[in-house]
Amino acid sequence: MCCASLADQLWAFEQALRAPECGAAFAWLGTADERVLRRLQIAARDGSTWGVLWRRPAQRAIATASPLRLAVDRCEDRLSITVMKRRGAELARPVMLEVDAARIDDAAGASLQLAAAALRDPRTSAGRALAFRVKRHVA
């Protein structure tokens, strides 16, 4: 979703995290406010949703309360995933994944189609939330 303000982004992401129909929610937020991040962490726990916050590489040095932090980098035709923080023992080396760009493009397209369908369906939490936001902005 593309939101007009940070408050709208936070609201939409929190609703997705709390929605029982949502297995995973991804966001790129421009905040490092620990109170906000903790509220999102609780929403993910309460909704049993895997919440992922993407951050810029320059923000890697900024600590967060998240239980898992990963750094993803491109390394030729592979992805290098460095575990920066996790519960348990430290990993000595990054995990390397082979990447097939064509398959990723196909999967991304299918995921976007499913997400768009969920947003249009008033029976889903995402659809109800979007309808509520649209009505509120139009009124």
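Any read-out appearing in this document is the output of simple, stated calculations on the displayed coordinates, not a laboratory observation. A quick note: this is a predicted structure, and the numbers were derived from the prediction, not measured. Note: ideal-geometry Cβ built from the backbone for every residue, glycine included; neighbour counts use all protein chains shown.
The modelled label-to-label distance between residue 75 and residue 60, using points 7 Å beyond Cα along the C-beta direction, is 1.2 nm. Remark: 60, 18 ranked as 60, 18, counting other beta-carbon atoms within 10 Å and listing the fewest first. Put simply, the C-alpha atoms of region 23-97 give a gyration tensor, and the ellipsoid matching it has half-axes of 23, 14, 13 Å, longest first. Summing charges over neighbours of residue 17, with a neighbour being any other residue whose Cβ is under 13 Å away from its Cβ, gives +1 when K and R count +1 and D and E count -1.
Taking amide H atoms as placed 1.01 Å from N in the peptide plane, the amide H of residue 70 lies under 5 Å from those of 84, each 5 or more residues away in sequence or on another chain. Taking θ as phi - 60° and the Karplus parameters 6.51, -1.76 and 1.60, the scalar couplings of region 13-21 work out to 5, 5, 4, 5, 5, 7, 6, x, 7 Hz in sequence order, x denoting glycine and proline.
Sequentially through region 40-49, phi angles give Karplus couplings (6.51, -1.76, 1.60; θ = phi - 60°) of 5, 5, 5, 4, 5, 5, 5, x, 6, 10 Hz, Gly and Pro residues having no value and appearing as x.
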